[in-house]
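Heads up: the structure comes next, in structure tokens.
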């Protein structure tokens with residue numbers, strides 16, 4: 001079963017980014033690693049879920065990751081449109097991270113509206129590429145494919161119908177093969193052995 | 001108060017509050033396997049969750065890792081209890097503990113769901129298993145499977161078959177049993193270079209080399225063995 005978008009957000013929460021704390025605090029010994037010490041006004045790296053937790057209480061300001069900016073995303077969009085293959089995304093969870101940050105504190109991101117649009121554009125162009133790739137894959141009847149640089153949310157968005165249709169196609173092909181082998185007069189053991197069933 | 005908290009041992013996470021016997025056991029475990037930092041342990045559980053969620057069959061259980069993590073969580077709760085209410089760290093620590101607990105219970109629930117779905121198939125596998133080979137289930141899961149099957153059979157008997165003619169009363173698990181579809185397709189990311197042989201529906205074979213870091217969509221059967229060994233991760 002495919003992970004839900006909420007579950008993917010849970011995993012995206014592990015990604016690190018910088019915050020500008022508004023409090024002082026000695027080092028935190030977390031299970032996921034040590035954080036801090038924090039000094040008001042001095043940037044510090046923390047996992048996204050902590051950043052959002054503190055931001056919701058107004059205890060820090062989020063410094064958006066370098067890729068969550070108009071200039072970077074415009075470049076990335078250009079690249080994505082030009083390239084026939086999928087370009088490498090700055091983060092495995094770019095979509096989920098952007099959504100989570102936008103939900104809590106859009107005001108911490110410069111040019112927020114523009115950034116939002118750019119992310120959506122990049123997503124759309126990747127998804128249309130993905131749909132074309134799926135078609136080619138199915139037309140060719142290939143048994144495997146390389147999908148480098150595809151991010152988790154993108155895989156999850158096509159997984160349910162895509163993997164299911166591939167399974168069905170596989171089943172059909174196998175049935176044809178079984179029928180062919182039987183009609184050629186093979187015994188059922190022979191058919192099983194040949195098709196590894 | 002804060003001083004005590006800071007002295008918590010982050011090396012293996014077994015703080016001073018563990019009772020002697022649990023303390024001793026987790027030390028032994030650490031020696032048997034590779035010593036892992038709590039962070040590595042957590043990453044391992046994340047991967048285990050993902051693999052379990054996406055794999056069509058039941059994977060070997062990560063019992064030791066879970067026990068170890070639960071121990072860490074218990075120590076963390078004891079330690080956070082010493083913090084003052086308004087301490088900013090309290091909320092963060094509580095949230096972290098909750099997140100990890102959620103991860104563990106979700107992982108166990110995914111496994112239970114699979115055990116329910118493939119109960120008869122798993123029972124057959126369990127009964128025919130070589131006594132040397134490790135079980136696919138933890139002792140608790142084996143108990144769950146046994147009770148689930150007993151309850152299911154007695155339910156079917158009470159609600160259905162006992163009202164049937166005498167010759168049709170026998171339950172035939174093998175006709176109702178479902179097993180995991182090993183021919184399902186999935187996405188994976190390679191963490192160690194390996195090479196596999198993929199056979200297509202027509203029985204043709206093709207060698208595919210998996211380079212570390214690359215991602216593929218492929219049928220589960222050829223890669224099934226690589227998932228528990230950690231050479232590939234499902235995504």
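Can you tell me how many residues in region A:166-178 are at pLDDT below 90 and more than 9 Å from chain B (Cβ to nearest Cβ)? Of the residues in that region, 1 qualify. Within region A:179-197, the residues that satisfy the criterion of being in contact with a helix residue (DSSP H, G or I) (Cβ under 7 Å, 6 or more places away or on another chain) and more than 7 Å from chain B (Cβ to nearest Cβ) are A:181, A:182, A:191.
If the condition is being more than 8 Å from every other protein chain (Cβ to nearest Cβ) and either assigned to a loop (DSSP other than H, G, I, E, B) or touching a helix residue (DSSP H, G or I) at 6+ places or on another chain (Cβ under 7 Å) (or both), then region A:6-15 contributes A:8, A:9, A:12, A:15. Within region B:56-66, is even one residue within 8 Å of chain A (Cβ to nearest Cβ) and assigned to a helix (DSSP H, G or I)? Scanning region B:56-66 turns up no residue that is within 8 Å of chain A (Cβ to nearest Cβ) and assigned to a helix (DSSP H, G or I).
Matching residues to (1) farther than 30 Å from residue A:181 by Cβ; (2) within 14 Å of chain A (Cβ to nearest Cβ):
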| position | (1), (2) |
| --- | --- |
| B:112 | yes, yes |
| B:128 | no, no |
| B:136 | yes, no |
| B:139 | yes, no |
| B:156 | yes, no |
| B:159 | yes, no |
| B:176 | no, no |
| B:180 | no, yes |
| B:201 | no, yes |
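Cβ-Cβ contacts under 7 Å between residues 6 or more apart (or on different chains), taken from a first residue in region B:29-43 that is more than 14 Å from chain A (Cβ to nearest Cβ) to a second residue that is at pLDDT 80 or above, are listed as B:29/B:64; B:29/B:68; B:33/B:64. Taking the condition touching a helix residue (DSSP H, G or I) at 6+ places or on another chain (Cβ under 6 Å) and buried (at least 17 other Cβ atoms within 10 Å of the Cβ), does residue A:153 pass? Taking the combined requirement at face value, the residue satisfies it. Within region B:174-193, the residues that satisfy the criterion of being farther than 19 Å from residue A:164 by Cα, modelled with pLDDT of 90 or more and not in a loop (DSSP other than H, G, I, E, B) are B:189, B:190. Of the numbered criteria (1) buried (at least 17 other Cβ atoms within 10 Å of the Cβ); (2) touching a helix residue (DSSP H, G or I) at 6+ places or on another chain (Cβ under 7 Å); (3) touching a residue at least 40 places away in the same chain (Cβ under 8 Å), the one residue A:111 fails is (1).
For residue B:101, the test of being within 30 Å of residue B:78 (Cα to Cα), within 16 Å of the chain's Cα centre (by Cα) and surrounded by 12 or more Cβ atoms within 10 Å (Cβ to Cβ) is passed.
Taking the stated definitions as given, is residue B:109 modelled with pLDDT of 90 or more, farther than 17 Å from residue B:230 by Cβ and loosely packed, with under 14 Cβ neighbours inside 10 Å? For residue B:109, the condition - modelled with pLDDT of 90 or more, farther than 17 Å from residue B:230 by Cβ and loosely packed, with under 14 Cβ neighbours inside 10 Å - is met. Filtering A:155, A:97, A:127 for residues that are in a helix (DSSP H, G or I) and either facing chain B (nearest Cβ under 9 Å) or more than 26 Å from the chain's Cα centre (by Cα) (or both) leaves a single hit, A:155. For region A:18-81, the strands (runs of 3 or more DSSP E) that sit wholly inside it and include 3 or more residues that are within 12 Å of chain B (Cβ to nearest Cβ) and buried (at least 20 other Cβ atoms within 10 Å of the Cβ) are A:28-30.
The values are calculated or read from the model by the stated rules, or taken from the named source; none is laboratory data. None of the values given here were measured: they were computed from a predicted structure. Neighbour counts run over all protein chains shown; Cβ positions are idealised from the backbone, glycine included.
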